[in-house]
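Peer 1: Below you will find the structure I want to go over with you.
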Amino acid sequence: MARTSDLDGVFDALADPTRRRIVELLRRRPHRAGELTERLSTTAPTMSRHLRVLLERGIVVDERPAHDARLRLFHLNPKPFASLTAWADQMQAHWNEQLGSFRKHVEKTAKGRRM
C-alpha cells in the first residue's frame, strides 16, 4: 500500500476539476500538451502548471519518442491509481465489517424481542 503522504498528494492533485479532466482525456489515449490545451480551452501556461502537478505526483508520465525529440506525449501512470484502489478497498472492507456487525446486532435484538 502507498504511504499516506503519497495518497495525500494524489488526492490533492485530483481535487482540481481541470486536472481530473486531463486524467479523463489521458485515460483514452496519450496526448500532447497542445492537444490538452485545445480540448480544455485553456492557455498553454495554465496547462503547463496542471501537467507539472500531475507529473510531480506521479499521476502522469511523459515520453519523447525517439523519432521526434520535440514531441512530448503525456499518458497516465497506473501506479497511483492502484494505490487509490487499494486504499478504497480497505475503506470498503472496513464498512462492510461494520455493517455486518450492525446487522448481527439488529438480528439478535429482533430475535430477543420475539421471544
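Peer 1: Calculate the dipole size of segment 2-51 relative to its Cα centre from +1 charges on Lys and Arg beta carbons and -1 charges on Asp and Glu beta carbons; express the result in debye to the nearest 20.
Peer 2: Its charge dipole is roughly 240 debye.
Peer 1: If you build a Gaussian network model of the chain, linking Cα atoms that sit under 10 Å apart, which residue out of ARG103, ARG32, ARG64 swings the most?
Peer 2: ARG103
Peer 1: Whole-Hz ³J(HN,Hα) for each residue in segment 95-109, computed from phi via Karplus 6.51 cos²θ - 1.76 cosθ + 1.60 with θ = phi - 60°, x for glycine and proline: what do you get?
Peer 2: 3J(HN,Hα) across segment 95-109, in whole Hz: 5, 4, 5, 4, 5, x, 5, 5, 4, 4, 4, 5, 5, 5, 5.
Peer 1: For segment 4-114, what is the charge dipole size about the Cα centre, in debye to the nearest 20, if Lys and Arg each add +1 at the Cβ and Asp and Glu each add -1 at the Cβ?
Peer 2: Dipole about the Cα centre, nearest 20: 580 debye.
Peer 1: For log10 I(q)/I(0) by the Debye sum over Cα atoms at q = 0.09, 0.10, 0.20 Å⁻¹, several values are listed as [x] -0.39, -0.45, -1.05; [y] -0.35, -0.42, -1.03; [z] -0.54, -0.62, -0.96; flag the one computed from this structure.
Peer 2: Among [x] -0.39, -0.45, -1.05; [y] -0.35, -0.42, -1.03; [z] -0.54, -0.62, -0.96, the one derived from this structure is [x].
Peer 1: Which chymotrypsin sites (Phe, Trp or Tyr not before Pro) from segment 1-81 combine a DSSP loop assignment with at most 15 other Cβ atoms within 10 Å?
Peer 2: Here no chymotrypsin sites (Phe, Trp or Tyr not before Pro) fit, given the DSSP loop and packing criteria.
Peer 1: With a Förster radius of 30 Å, plug the Cβ-Cβ distance of ARG49 and ASP89 into 1/(1 + (r/R0)^6) and report the FRET value to the nearest 0.05.
Peer 2: So, using R0 = 30 Å, E works out to roughly 0.40.
Peer 1: Can you work out ³J(HN,Hα) from phi for every residue in segment 6-13, in order, using Karplus 6.51 cos²θ - 1.76 cosθ + 1.60 and θ = phi - 60°, giving whole Hz and x for Gly and Pro?
Peer 2: In residue order, the calculated couplings are 5, 5, 4, x, 5, 4, 4, 5 Hz.
Peer 1: Among LEU54, GLN92, THR42, which residue has its Cα positioned farthest towards the positive end of the charge dipole of segment 40-99, with +1 placed on the Cβ of Lys and Arg, -1 on the Cβ of Asp and Glu, and the dipole taken about the Cα centre?
Peer 2: Final value for the positive-end residue is THR42.
Peer 1: Tell me the label-point distance for the pair ARG39, LYS79, using the 7 Å Cα-to-Cβ offset, in nm and rounded to one decimal.
Peer 2: 2.3 nm
Coordinate-derived values only; no laboratory data. The shown structure was predicted, so the numbers you read here are calculated from the model rather than taken from an experiment. So basically every Cβ, Gly included, is an ideal-geometry build from the backbone, and we count neighbours across all protein chains shown.
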